[in-house]
6 protein chains.
Amino acid sequence: MRPSGRTAEQIRPIKITRHYTKHAEGSVLIEFGDTKVLCNATIEEGVPRFLKGQNQGWITAEYGMLPRATNTRTQREAAKGKQTGRTMEIQRLIARSLRAAVDLSQLGEFTITVDCDVIQADGGTRTASISGACVALYDALTQMVKKGLLKTNPFKGFIAAISVGIVNEQAVCDLEYIEDSNAETDMNVIMTDDGKIIEIQGTAEGEPFSHEELLTLLALAKDGISTIIKHQKIALNITS
Amino acid sequence: MRPSGRTAEQIRPIKITRHYTKHAEGSVLIEFGDTKVLCNATIEEGVPRFLKGQNQGWITAEYGMLPRATNTRTQREAAKGKQTGRTMEIQRLIARSLRAAVDLSQLGEFTITVDCDVIQADGGTRTASISGACVALYDALTQMVKKGLLKTNPFKGFIAAISVGIVNEQAVCDLEYIEDSNAETDMNVIMTDDGKIIEIQGTAEGEPFSHEELLTLLALAKDGISTIIKHQKIALNITS
Amino acid sequence: MRPSGRTAEQIRPIKITRHYTKHAEGSVLIEFGDTKVLCNATIEEGVPRFLKGQNQGWITAEYGMLPRATNTRTQREAAKGKQTGRTMEIQRLIARSLRAAVDLSQLGEFTITVDCDVIQADGGTRTASISGACVALYDALTQMVKKGLLKTNPFKGFIAAISVGIVNEQAVCDLEYIEDSNAETDMNVIMTDDGKIIEIQGTAEGEPFSHEELLTLLALAKDGISTIIKHQKIALNITS
Amino acid sequence: MRPSGRTAEQIRPIKITRHYTKHAEGSVLIEFGDTKVLCNATIEEGVPRFLKGQNQGWITAEYGMLPRATNTRTQREAAKGKQTGRTMEIQRLIARSLRAAVDLSQLGEFTITVDCDVIQADGGTRTASISGACVALYDALTQMVKKGLLKTNPFKGFIAAISVGIVNEQAVCDLEYIEDSNAETDMNVIMTDDGKIIEIQGTAEGEPFSHEELLTLLALAKDGISTIIKHQKIALNITS
Amino acid sequence: MRPSGRTAEQIRPIKITRHYTKHAEGSVLIEFGDTKVLCNATIEEGVPRFLKGQNQGWITAEYGMLPRATNTRTQREAAKGKQTGRTMEIQRLIARSLRAAVDLSQLGEFTITVDCDVIQADGGTRTASISGACVALYDALTQMVKKGLLKTNPFKGFIAAISVGIVNEQAVCDLEYIEDSNAETDMNVIMTDDGKIIEIQGTAEGEPFSHEELLTLLALAKDGISTIIKHQKIALNITS
Amino acid sequence: MRPSGRTAEQIRPIKITRHYTKHAEGSVLIEFGDTKVLCNATIEEGVPRFLKGQNQGWITAEYGMLPRATNTRTQREAAKGKQTGRTMEIQRLIARSLRAAVDLSQLGEFTITVDCDVIQADGGTRTASISGACVALYDALTQMVKKGLLKTNPFKGFIAAISVGIVNEQAVCDLEYIEDSNAETDMNVIMTDDGKIIEIQGTAEGEPFSHEELLTLLALAKDGISTIIKHQKIALNITS
């Protein structure tokens, strides 16, 4: 029995609120149970130096946690004067995943930055970030087409992310914090709508895991991601 | 006529949501119109080194803006590796103001940190921060008494803050961003329930202002603050 | 009775030494009693990026304290790797005040930086800085006209700053360190020659202060500033 | 045909030189073809604060590249004043992997730090680092037992790492730089001697990859890792 | 002919003002012609960690230049967030030299920090710093004896520093800025009263210099230092 | 008797390995006994801003030590976020020395950066760095001529560096770590092939040293440097 009473394959209630703030070109509050992340997409002209003149766009991401998003207060990174390794790792992951959802060669010389800021954390902040950021990105791209900045929408398809893991020797989907901190194996999977893999990161926190366990976790992830993508489409009023 | 159609002395609609996040000992989302600030109060044992052994507590504050809280994206301070002078100035102001609301000698050797994070900015983020932080602080102190950490509540009285200024030669109260960026004079006032002054910071952005203008602005501020404190009490179900 | 034997409204002896160092375009050592600040104005071509092409100039300021300007040694900010919030707050205040003394649209695309370095501190370093910086700025502007960099002098009028406060329930002017550290209320005022207000920053260190106390303090400040401006003019051989 | 003439499943020549420097408790130069990494293990008394008094040890790792380990010079991180996200990500991965090879509860209150410094880079620096670090760690632990610091050796078993990927639509093992920079999918796998997974990190650089491709890559990785562990044992004169 | 009309061996006018500021235990303004450095010695209890429990004291130094001490403004190190290599090099040199003047084993567990801040620069700021710092140190040590912190004065003897160099093929003593920036060889020498060498740092800026030139420069330095030490003693009213 | 059994004037065995890594334009591993430094020269187009348009080149250097190059582990500068004063001092010395070996006016608008990274330290890392860097620089310059980037080779002549010092009252050459840490006087000398001095840095760690001692040390240095330059030429197959 899981702490929340969920079955092994059950993900937490998902809520996606678009237009959460008024300034960003895409602004989404995503909730995976008690995990709440605000994903704001910003469109800016120009690309980083290493892409100049290549006639393509760029997508990047930044991640942060409000100091008291967590159970005990975490030191503010701005006050400390640097981002932790964990933060950098997560924002690099978000950015890579989002770039897989877009045809950068059709984006023009624009940069889209998606800021994922965790308002409240209860496990799975990076997977919620990616899943919410994809919707914010979609809104931003749609707006670019509407404004005439782009002729065609370079969005290639929805992506979403979920955490899976082995807790008390049982493979479970969408771990909340109490599960996450006790997991023997912890894996984050990012997939497309049709079950292809964009990123897989699995870590044995305790004992190494077997090939069979990997397969079980992947199957759980695939189902969970499929459900999240349904929620993304509903939030965007897309029927397909 | 003000952009929002308000009269000169009218403040924006105020909304105070308590228990906005689940981890913090005090968690308040305060809205002054489109300005939205999340104020989380954290209780921690111990005091800063310079206060050790003096048998008193401490209250401090940190301030931040989400990168896309503003109309165009602001660089993330954590990524830049330092807080701006503006941020430091604001968080010092918030902390000083909150300390004026509490009898630190009755707080025991505890430190309360109030994090004010701007989710959406439309002028007056520092005054909204102070006004919201006071409620979060109140909740945290009440909880300390309930938990038996303190015998008596060291809260001395409500404080609130408002911005006033001269815009187009007219003295107005609670400036929104478009007014703020065009103000000739900009003043932030923090007061107690009975109209005493905790802090006053007035700046002539354009021409110097006269003694009479200062008095007019102070009168506007006093009324605005009185209204905010009423909202604080309603949110806390205090009738007095 | 004040520690120095001064009356409540009496400011400390003021000494302004121009051409204190040989390199700066304006170089002033200002002394408010035992507080000594060296104010050096530097003229440089060009303006910050946000002003480029707007056909106006810029005035900025930096503030520092020698490590042993104070009674006990303060850590050197350059060694620590960052400026404190207090330093940033003060240098922003100095710069804002100086900009109020000059018509930036008549300054051409030049930047004047005024460095205020505290050689010895005994309270009121920020007000001495502003008052001395104004003279250094005047010298620099005069030199620009002489050198033909400017056709007309964009100086609009003298400004000066003073601290006032309530110490032992008495309102006093130009606090020295021992008073400052015991003040219930501490206020810094920057005014023009004709008593208009450029900046007012008042803080209740202990109890909040009343409207009447504010008025008393402002009156003290006005007189003190008037005296300082007389000294500025004498130092510059201006009779008006 | 691969650039080096290798078959798809063939790893590069591996060379492991122990006692490469004289000071470290374990010092290994590992070469995967032209990729050369120096792995130095340092034993120090004490554990990080979060582990104090828990009667267990800790293993951590740091990673660096000499500025001209790469084809064009990379800015020195020490001069830049911070480590890149890539560096932090890699050193966190190395450390996690090494901790999986040791029973920390049997390590006593010691910390072992393994420094992995890339002397020459040609792809696969993180996998070479992990594979070499494991040998340096083994030497350090053996020395601790010899010196009487530990009664039993807490080493649980060998681990090694390899990169696999899809290049020109072909799954290949142990990518060199030219392959790595053209890979559609890039995956790093860390396994134990008996083929259990410690860490898997797969990224679609171009198109998402299928479940079948994942399985193919995993099989390649398993074989490659098995070969590396044979080399580790030969270098250590272990016959099993 | 030198720019100042001095002969090759002639040093600039030296002026040593003690008790220049009121807070420091030793406070000396030293002037070598137009080079002016304020040297403040601070006594603090305790020693750095690496000396704890060794029953000896420590002497350290910090060096800084006011931004406009120079002909064109130099960026403030505190604002830049780090000290330059030049600054670090100089303050390490000052500290090493001062430690040679004191028997640290007789200093008790005290640390003396000498801050050398350049008010105005015209060449030779490091040699003026050392020469002035020695006097400030002497005053601080004398005060320690007077206050009963030390039983005997651990001062071993005066030291002073001078720059010598080859300018226009001529060996000269105590270079001012215009000479320094054109020197083919530049050498700083620190010596004791009896002509023994504490530190010698010679650099060929242009062509390498010969053994004979080195000897000539050393002889010039010896005479210059002897004169400076006379000034130190006069300032301290020491007749010997 | 010296720890290694060497005579006073004897330097340690020298080994110079060229083409140590494959990417750098010059790559030399130099060994002075157990001190091993990797010197990599990188050619890049362009010069620092202060040299732009002056039709000359620039040579710079960076220095680092692997954390476990030393007997006990030193904190990684990249992790600490800044280079120590010692590191900065050394890399400035290396760069100055190398510039003395090259006619910068004949280098074109190129910058050569020589990275000196200490793999293993046993005293004399800065002198080994300079001596090895000179060979790497030579290789890089030769390659520039071969590639047609330069018409004539701007190399002016070999330079090398050695440490000398007074240990147990005896003047010795090329100190290893155990000697260095006990030296009363420590001196680094950089000379040309014909015995001219490029740089001399002597420090009395304990008692000041006499003029005669200086001369003895210089004579030792001259012989040692002459031997090193012979090794440089042999490594480069130069007969002269």
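When the stretch E:43-58 is examined, which residues are found to be of a type in the set (Val, Ile, Thr) and either within 22 Å of the chain's Cα centre (by Cα) or not in a loop (DSSP other than H, G, I, E, B) (or both)?
Scanning the stretch E:43-58 gives a single hit, E:Ile43.
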Residues being of a type in the set (Gly, Ala, Ser) and touching a Cys at 6+ places or on another chain (Cβ under 9 Å) - total across the stretch B:50-64: 2
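Every residue, every condition in (1) without any contact (Cβ under 8 Å) to a residue 24 or more places away in the chain; (2) under 19 Å from A:Ile229 (Cα atoms); (3) within 13 Å of chain B (Cβ to nearest Cβ), yes or no:
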position	(1), (2), (3)
A:Met1	yes, no, no
A:Gly5	yes, no, no
A:Gly26	no, yes, yes
A:Ile30	no, yes, no
A:Cys39	no, yes, yes
A:Phe50	yes, no, no
A:Trp58	no, no, no
A:Gly64	no, no, yes
A:Pro67	yes, no, yes
Those residues of the stretch E:127-183 which are charged (D, E, K, R) and on the phi > 0 side of the Ramachandran plot, in sequence order: E:Glu169, E:Asp174
Some residue of the stretch C:172-187 being among the hydrophobic types (A, V, I, L, M, F, W, C) and within 13 Å of chain B (Cβ to nearest Cβ): yes
Some residue of the stretch A:136-146 being free of Cβ contacts under 8 Å to residues at least 24 places away in the same chain and under 25 Å from B:Gln75 (Cα atoms): yes
A:Ser131 closer than 23 Å to B:His23 by Cβ, in contact (Cβ under 8 Å) with a residue 12 or more places away in the chain and in contact with a strand residue (DSSP E or B) (Cβ under 8 Å, 6 or more places away or on another chain): yes
Check on E:Val145, farther than 26 Å from E:Glu9 by Cβ and β-branched (Val, Ile, Thr): yes
The stretch E:96-111, residues that are touching a Gly at 6+ places or on another chain (Cβ under 7 Å) and crowded, with 22+ Cβ neighbours inside 10 Å: E:Ala101, E:Leu107
Where B:Thr111 falls short, out of the listed (1) within 14 Å of chain C (Cβ to nearest Cβ); (2) assigned to a strand (DSSP E or B); (3) among the hydroxyl-bearing types (Ser, Thr, Tyr): (1)
Checklist (1) open to solvent by less than 10 Å² (accessible area, probe 1.4 Å); (2) touching a Phe, Trp or Tyr at 6+ places or on another chain (Cβ under 6 Å) applied to C:Val135, failing item: (2)
D:Glu44 open to solvent by 50 Å² or more (accessible area, probe 1.4 Å), charged (D, E, K, R) and modelled with pLDDT of 95 or more: yes
All positions within the stretch D:1-27 that are crowded, with 19+ Cβ neighbours inside 10 Å and under 23 Å from D:Ala221 (Cα atoms): D:Ile11, D:Arg12, D:Ile14, D:Ile16
Filtered residues of the stretch C:69-99 (kept if at the interface with chain B (Cβ under 9 Å from one of its Cβ atoms) and either at pLDDT below 95 or under 30 Å from F:Gly81 (Cα atoms) (or both)): C:Lys82, C:Gln83, C:Thr84, C:Gly85, C:Arg86, C:Thr87, C:Met88, C:Glu89, C:Gln91, C:Arg92
Some residue of the stretch A:190-201 being at pLDDT 95 or above, among the charged types (D, E, K, R) and out of contact with any Asp or Glu (no Cβ under 9 Å at 6 or more places or on another chain): yes
One residue from D:Leu137, D:Leu141 being within 24 Å of D:Pro48 (Cα to Cα) and within 14 Å of chain F (Cβ to nearest Cβ): D:Leu137
Complete set of residues in the stretch F:59-95 that are more than 23 Å from D:Asp115 (Cα to Cα) and either assigned to a loop (DSSP other than H, G, I, E, B) or open to solvent by 50 Å² or more (accessible area, probe 1.4 Å) (or both): F:Arg92
Conditions (1) out of contact with any Lys or Arg (no Cβ under 6 Å at 6 or more places or on another chain); (2) open to solvent by less than 50 Å² (accessible area, probe 1.4 Å): number failed by C:Gln54: (2)
Close pairs from the stretch C:199-228: first more than 10 Å from every other protein chain (Cβ to nearest Cβ), partner open to solvent by 50 Å² or more (accessible area, probe 1.4 Å), Cβ under 9 Å, at least 6 apart: C:Leu220/C:Glu9; C:Asp223/C:Glu9; C:Gly224/C:Glu9; C:Gly224/C:Gln10; C:Ile225/C:Asp193; C:Ser226/C:Asp193
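The values are calculated or read from the model by the stated rules, or taken from the named source; none is laboratory data. If you're wondering where the values come from, they're calculated on a predicted model, not measured in any experiment. Every residue, glycine among them, receives a Cβ derived from its backbone with ideal geometry; neighbour counts consider all protein chains shown. Just so you know, the surface numbers come from the protein's heavy atoms only, side chains and all, with ligands and any DNA or RNA stripped out. Shrake-Rupley method; radii C 1.70, N 1.55, O 1.52, S 1.80 Å.
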